[in-house]
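Below is one structure, written out as structure tokens; comments come after it.
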């Protein structure tokens with residue numbers, strides 16, 4: 001448990017508000033300026049969100065490639081990171097034709 005302090009949020013007031021690190025909230029105004037309602041009743045929430053819950057896993061973007069041979073019409077979907085590496089993508093149907101970027105999926 002640590003003893004902490006903040007100053008009053010009222011303009012021109014230099015009074016110090018003491019609180020413990022285990023407190024869940026601390027008032028932003030000293031007892032002289034504090035009220036029961038309105039902006040002078042504001043408090044700062046000291047609780048932190050639990051670890052692991054705040055992380056959001058994003059899905060990886062995918063892109064679609066098309067075969068350069070119009071008769072083949074082959075399509076392939078690869079990850080955006082592989083697309084940015086500039087890898088040479090070959091068609092599975094033609095086995096020799098190069099594929100080009102078509103659109104984001």
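The values are calculated or read from the model by the stated rules, or taken from the named source; none is laboratory data. In this text, all values refer to a predicted model and were calculated from it rather than measured experimentally. Ideal geometry is used to build each Cβ from the backbone, glycine not excepted, and the neighbour counts take in all protein chains shown.
In segment 59-83, how many are in contact with a strand residue (DSSP E or B) (Cβ under 9 Å, 6 or more places away or on another chain), exposed (fewer than 15 other Cβ atoms within 10 Å of the Cβ) and on the phi < 0 side of the Ramachandran plot?
Within segment 59-83, residues that are in contact with a strand residue (DSSP E or B) (Cβ under 9 Å, 6 or more places away or on another chain), exposed (fewer than 15 other Cβ atoms within 10 Å of the Cβ) and on the phi < 0 side of the Ramachandran plot number 9.
So, of the residues in segment 6-34 that are assigned to a loop (DSSP other than H, G, I, E, B) and closer than 17 Å to residue 47 by Cα, which turns out to be modelled with the lowest pLDDT?
Filtering segment 6-34 for residues that are assigned to a loop (DSSP other than H, G, I, E, B) and closer than 17 Å to residue 47 by Cα, the one modelled with the lowest pLDDT comes out as 21.
Taking the residues in segment 88-105 that are within 12 Å of residue 65 (Cα to Cα) and without any contact (Cβ under 8 Å) to a residue 12 or more places away in the chain as candidates, determine which candidate is surrounded by the fewest Cβ atoms within 10 Å (Cβ to Cβ).
Applying the filter and picking the extreme gives 88.
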